[in-house]
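Computed from the coordinates by the stated procedures, all read-outs in this text should not be read as laboratory data. All figures in this text were calculated on a predicted structure; none of them were measured in a lab. Backbone-built Cβ (ideal geometry, glycine too); neighbour counts: all protein chains shown.
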Amino acid sequence: DAGITQSPRYKITETGRQVTLMCHQTWSHSYMFWYRQDLGHGLRLIYYSAAADITDKGEVPDGYVVSRSKTENFPLTLESATRSQTSVYFCASSERDLYTEAFFGQGTRLTVV
Amino acid sequence: KQEVTQIPAALSVPEGENLVLNCSFTDSAIYNLQWFRQDPGKGLTSLLLIQSSQREQTSGRLNASLDKSSGRSTLYIAASQPGDSATYLCAVRPLPDYKLSFGAGTTVTVRA
């Protein structure tokens, strides 16, 4: 399917466990982003990437790790999950031309117990 | 740092009324502004993209205006329907960066 897909859609994990959220886009967009959405905080940027092997921190990067070995994939890893990382995570992508739209995945609802 | 504000946080209108949603941003140096719709438990769907050089953009019943110098955008939804009930988010892409800065959103309820 064309577009941007996230997996899993729902995840429950225990405190201290490592968990990886996957993001895949089929457009070969240069830019990819990870946001988290929480009540009272809106959407906050975790990490972003301009191209394969180029990543940078956003507003709330602590406790997260990203990699981008291929243009189409941008996994987000929580190294040791904490309850404060319970959230809905959204992946997004856009073309190199910054005058174009950004597109979002359907989100992953993560619960850390 | 770019700050994006959406007021009001929530809005309830009877069916058929026109909706007016506001978005303000602090730095006028932007590539563009994008309006999104989010249904409960769902992802963000792009509605309209307005370039910094444009004054407005239209798609069906939706019209978005942009006044870059005053840091404001307005999304108009004509003849609202219950299916328009959702949260509407605006996001700006500030120069020279490529990441989006979001407002907190306006949650709209259209009463039948």
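Numbers at a glance
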{"item": "Only Lys, Arg (+1) and Asp, Glu (-1) charged, at Cβ; the protein assembly as shown dipole about Cα centre in debye", "result": "280 debye"}
{"item": "Computed label-point distance, nm, for sites A:Lys57 and A:His41 using a 7 Å Cα→Cβ extension", "result": "1.5 nm"}
{"item": "Cβ charges +1 (Lys, Arg) and -1 (Asp, Glu), total dipole of chain B, debye", "result": "180 debye"}
{"item": "Rounded FRET efficiency, nearest 0.05, which uses the C-beta distance separating B:Lys1 from B:Arg111 and R0 of 41 Å", "result": "0.60"}
{"item": "5 angstrom amide H check on A:Gly107, placed H, neighbours 5+ away", "result": "A:Gln6, A:Cys91"}
{"item": "Over region B:1-108, equivalent-ellipsoid semi-axes from the Cα gyration tensor in Å", "result": "23, 14, 12"}
{"item": "Proxy reagent accessibility, fewest Cβ within 10 Å first, across A:His41, A:His24", "result": "A:His41, A:His24"}
{"item": "Cα convex hull of region A:40-103, projected area averaged across orientations, nm²", "result": "5.0 nm²"}
{"item": "Chain A: mean projected area of Cα convex hull, nm²", "result": "6.6 nm²"}
{"item": "Linear extension gain, B:Glu15 paired with B:Asn63, 0.36 nm per residue minus alpha-carbon span", "result": "15.5 nm"}
{"item": "Largest-first principal axis extents of the Cα set of the protein assembly as shown (Å)", "result": "49, 38, 35"}
{"item": "Listed residues A:Leu76, A:Leu39, A:Leu21, most fluctuating in chain A (Gaussian network, C-alpha, under 10 Å)", "result": "A:Leu39"}
